[in-house]
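What follows is a single structure, written as structure tokens, with notes after it.
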Amino acid sequence: MDISRYARGLAKQSRSLMEKTEEASSIDFLAVSSFLIAPSVPVLAALSSAGIRHSGLKRGTLEDGITFYDKGQLVRGHLLSRIFVASPESSSETNVKKSGTAFASIARRDRTIFSIKRLVSRAMLYIGILAFAAVVAPAWGRLVANETSESLLLANDRLVTTVSKLTGSINHLTLDGQDLLGGTDGRAGRGPYLDCYCVPSGFYTPGSKGATYRLITGTDSSGASYGGIVMGEVYKPTGQLLEQYWFLRDGETGLHTFSRLAYYNETTPFLRNLQEFRTLFRPNTPLWTDLVTDASFHGPAPRPNPAAGGSGMATTVQDATWYLGDRVGDPYVEQMSDYFTKYTFSAVWRDQLAHGLFADGTQGSADNSTFGAWLVMNTKDTYFGGPIHSDLVVDGILYNYMVSNHHGDGTPNITHGFDRTFGPQYFHFNKRPAGSPMKTLLDDALQYASPEWNAEFYDDIAQHVPNYVPSSGRGSWNAQIRLPPGAKKPIAVLAQNGVDFQDNVADTTAYQYWADISTADGTVSIDRVKAGTYRLTVYADSIFGDHVQEDIVRRDRDESPESAGRELWRLGTPDKSAGEYRHGDAPDLTHPLHAPEYRVYFGAYDFLDDFPDGVRFHVGRSEEVRDWNYIHWSVFGGYANSQRPVQEVGMDGSINNWTIAFDVENAAEVLEGTSEATLTIQLAGAKTAAGNTDVFNATAAFNDLPFTVSVNGRDLEPWVIPYYHSSSCGVRSAVVCYQLAHKFTFPTEYLTGGKTNEIVLSLPFNATDCESALLPRSVYVQYDALRLEVR
């Protein structure tokens with residue numbers, strides 16, 4: 001550990017804190033008498049190394065040679081004028097204790113010097129002192145871990161972090177002396193910290209009510225020292241145990257995190273669903289300028305950012321969605337969109353590796369260095385929902401969403417015996433010289449996005465993390481799969497046996513894995529698979545349906561393409577996405593960054609203007625990207641639509657009824673000898689009157705949503721979409737949500753070769769729900785792909 005570098009960093013951090021200082025309520029000095037100073041440590045001239053100067057500073061010496069600086073009054077930018085500088089001759093425990101006592105008396109003599117702005121908490125001031133004392137501990141050159149009555153500290157020569165015992169959150173985080181969090185103000189200026197929607201009343205943040213803390217130190221099998229902090233709280237009304245784990249290794253600039261929820265209660269065996277479980281890095285500093293989903297989608301954050309609690313010109317148009325178009329000089333408005341929602345930068349889990357915040361060095365960076373804060377998804381096996389799960393990842397806050405149903409996936413029930421540890425995931429922090437592009441820092445984070453990375457370290461700390469499965473309980477799975485012709489982006493998924501991988505919340509001990517299948521030879525390999533029995537699901541773009549096999553027992557498998565006869569036509573591409581349709585993946589050409597239109601507020605696109613006569617798609621003539629909307633509504637406008645505030649029901653059926661027209665060429669030849677036609681409809685998402693709750697509402701008419709089809713005027717038996725498959729998808733800036741599929745069969749005699757055929761897809765007329773949040777009330781579906789076959 002570089003002593004002078006650490007001192008400079010600490011002093012820089014202190015200057016940053018004091019830039020926020022003003023006259024406010026005074027706080028007591030917290031003595032540091034419990035720390036020893038090693039005889040070999042040179043004088044730590046933190047003040048001079050940081051360039052802090054003030055002509056009024058008085059230099060004094062306490063008994064036994066302890067040197068201190070006393071201004072007598074707080075001077076903006078001079079926090080360290082009250083932190084003593086130890087001389088070599090004052091290295092005994094006795095001397096340090098004496099200095100602590102004497103220094104405390106000086107502080108009491110002039111309490112005004114410790115006045116500090118509200119956002120700089122008592123813990124933050126103590127952290128500065130604690131960190132300073134910690135660097136001169138006997139374990140110099142190794143990771144430092146310390147605990148006091150108010151906080152716990154982990155530090156190496158670059159990264160310093162502390163957890164406050166008052167809140168259960170990280171409230172101090174610096175990289176090379178740069179403050180990454182800012183001052184604590186309510187929930188801002190904290191993280192990573194644990195938060196959940198898991199108690200009877202809803203949201204809860206553990207750590208402030210009778211929490212316990214544990215400090216862990218050790219040396220791993222590679223010889224690197226590490227430290228860990230464990231926060232645990234039993235939520236007394238229900239008995240739930242909530243735990244958060246943070247680990248720091250020497251030589252790394254990131255935190256390895258695990259999160260645990262356990263519930264043992266035979267008296268009340270069912271508590272509720274686990275609706276959200278997440279960790280958040282929630283800064284309160286202007287340092288962070290950009291939001292990054294991945295290398296292909298990123299942009300400047302709104303300034304100020306309403307999703308992160310910022311005030312400013314922002315009009316709420318729906319839940320967590322704002323119109324910012326009246327702002328002048330806001331880089332987000334100029335480059336990305338007039339609308340911003342916390343879901344704009346959401347991601348689908350399949351290929352997601354890292355997301356985060358980028359600081360371009362123009363705001364709050366002392367030397368204009370660039371910085372990154374990243375959530376690296378180095379493991380995904382303890383998440384739920386499989387590779388098509390999607391969620392928000394960054395909106396000014398950096399998230400690790402371990403559980404949520406934002407886009408319609410199921411959530412586990414908290415029942416007696418529930419005990420699951422999520423993770424590890426890795427919060428990585430990095431720094432590069434001024435002018436370095438975002439991609440340089442993202443690429444640095446991406447090197448850690450592999451389950452194999454640090455696997456040995458996780459084995460070393462498994463003794464401290466309940467439920468973590470070490471390498472001895474894992475193995476490799478290999479297969480060779482014969483793919484059907486035309487398969488693109490094939491993937492193999494291992495998840496809970498017996499259920500759709502989207503519903504793998506039913507067994508909270510089950511894990512999930514996936515990997516791309518080679519299109520060259522069909523081989524696929526997944527490493528570090530937890531021992532157990534899995535369902536295998538194979539699917540591919542351009543191929544309808546999934547291949548499913550339970551109780552995997554052999555290596556070679558066939559994925560026979562799903563078929564119901566001769567294909568007459570298809571609409572869209574079966575890729576589990578509604579992105580190919582109008583206002584889906586198409587770029588927004590009105591702003592330079594060309595965000596995909598679906599990421600922008602749905603109300604920015606007026607369905608009635610786009611389709612004044614309703615949707616009529618003629619196979620072979622129409623184009624998906626122009627003539628088929630990405631959302632099929634029952635009604636349009638009204639609640640949560642700022643551009644069309646009056647709801648339109650389409651009295652002529654032009655909103656809820658969509659028509660597919662098609663001609664059967666050579667009908668006599670094609671239809672001869674056939675008796676059954678099959679219309680396959682695959683949905684990328686559907687919203688019933690149950691909304692996003694998966695709860696049946698007896699007062700709502702369309703909890704279970706009937707979807708009807710007529711063929712040349714003949715009605716088929718409706719498909720009833722159940723309430724527990726409902727999701728908020730398109731209105732939350734998504735085109736990949738909970739997937740559904742159904743096959744409508746009918747006699748081929750319903751078809752004709754003499755004239756154009758028509759298939760009408762219908763939602764119930766004027767079908768709405770009562771939304772508790774500011775979201776559209778219409779039921780709707782989003783199509784993945786459709787196909788008609790005969791045999």
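The values are calculated or read from the model by the stated rules, or taken from the named source; none is laboratory data. It should be emphasised that the depicted structure is a prediction, and the values quoted were computed from it without experimental measurement. Don't worry about glycine lacking a Cβ; one is built from the backbone with ideal geometry, like all the others, and counts go over all protein chains shown.
Results, tabulated for the structure shown:
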{"read-out": "Strands (runs of 3 or more DSSP E) within segment 97-210 that include 3 or more residues in contact with a Leu (Cβ under 8 Å, 6 or more places away or on another chain), closer than 29 Å to Gly423 by Cα and at pLDDT 50 or above", "value": "144-147, 151-155, 159-164, 170-175, 190-199"}
{"read-out": "Residue match in segment 495-504 (condition: under 22 Å from Asp409 (Cα atoms) and assigned to a strand (DSSP E or B))", "value": "yes"}
{"read-out": "Qualifying residues in segment 178-226 (those that are in contact with a His (Cβ under 9 Å, 6 or more places away or on another chain) and either free of Cβ contacts under 8 Å to residues at least 60 places away in the same chain or of a type in the set (Val, Ile, Thr) (or both)) - the one surrounded by the fewest Cβ atoms within 10 Å (Cβ to Cβ)", "value": "Arg214"}
{"read-out": "Selection count, segment 211-226, where residues are closer than 18 Å to Glu150 by Cα and in a strand (DSSP E or B)", "value": "5"}
{"read-out": "Candidates Ser365, Ser337, filtered to the one that is in contact (Cβ under 8 Å) with a residue 24 or more places away in the chain, part of a loop (DSSP other than H, G, I, E, B), in contact with a Phe, Trp or Tyr (Cβ under 9 Å, 6 or more places away or on another chain) and assigned by TED's automatic domain parsing to the domain that holds Pro433", "value": "Ser365"}
{"read-out": "Some residue of segment 733-750 being more than 22 Å from Glu567 (Cα to Cα) and not in a loop (DSSP other than H, G, I, E, B)", "value": "no"}
{"read-out": "Strands (runs of 3 or more DSSP E) (entirely within segment 394-442) containing at least 1 residues that are acidic (Asp, Glu) and out of contact with any Leu (no Cβ under 7 Å at 6 or more places or on another chain)", "value": "418-432"}
{"read-out": "Some residue of segment 688-709 being assigned to a loop (DSSP other than H, G, I, E, B), small (Gly, Ala, Ser), without any contact (Cβ under 8 Å) to a residue 40 or more places away in the chain and within 30 Å of Pro412 (Cα to Cα)", "value": "yes"}
{"read-out": "Residues (closer than 29 Å to Ser778 by Cα and either in contact with a helix residue (DSSP H, G or I) (Cβ under 6 Å, 6 or more places away or on another chain) or small (Gly, Ala, Ser) (or both)) located in segment 744-765", "value": "Ser762"}
{"read-out": "Complete set of residues in segment 665-710 that are surrounded by 22 or more Cβ atoms within 10 Å (Cβ to Cβ) and of a type in the set (A, V, I, L, M)", "value": "Ala677, Leu683, Ala684, Ala686, Ala689, Ala690, Leu705"}
{"read-out": "Residue satisfying all of: in segment 439-482; in contact with an Asp or Glu (Cβ under 6 Å, 6 or more places away or on another chain) and in contact (Cβ under 8 Å) with a residue 24 or more places away in the chain; farthest from Asp419 (Cα to Cα) among these", "value": "Arg482"}
{"read-out": "Every residue from segment 227-239 that is in a strand (DSSP E or B) and surrounded by fewer than 24 Cβ atoms within 10 Å (Cβ to Cβ)", "value": "Gly228, Val230, Gly232, Glu233, Val234, Tyr235"}
{"read-out": "Some residue of segment 343-351 being in a strand (DSSP E or B) and aliphatic (A, V, I, L, M)", "value": "yes"}
{"read-out": "Members of segment 579-619 found to be outside any loop (DSSP other than H, G, I, E, B) and over 31 Å from the mean Cα position of the chain (by Cα), listed by number", "value": "Leu608, Asp609, Asp610, Arg616, Phe617, His618"}
{"read-out": "Complete set of residues in segment 314-349 that are in contact with an Asp or Glu (Cβ under 9 Å, 6 or more places away or on another chain) and within 17 Å of Thr293 (Cα to Cα)", "value": "Met336, Ser337, Phe340, Thr341, Lys342, Tyr343, Thr344, Phe345, Ser346, Ala347, Val348, Trp349"}
{"read-out": "Test: residue in segment 570-593 that is farther than 21 Å from Asp541 by Cβ, surrounded by fewer than 16 Cβ atoms within 10 Å (Cβ to Cβ) and in contact with an Asp or Glu (Cβ under 7 Å, 6 or more places away or on another chain)", "value": "no"}
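Here's the yes/no breakdown for (1) polar (S, T, N, Q); (2) in a loop (DSSP other than H, G, I, E, B); (3) farther than 18 Å from Ala359 by Cβ:
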| site | (1), (2), (3) |
| --- | --- |
| Phe277 | no, no, yes |
| Phe281 | no, no, no |
| Leu287 | no, yes, no |
| Val292 | no, no, no |
| His298 | no, no, no |
| Pro302 | no, yes, no |
| Ala307 | no, no, no |
| Gly312 | no, yes, yes |
| Val317 | no, no, yes |
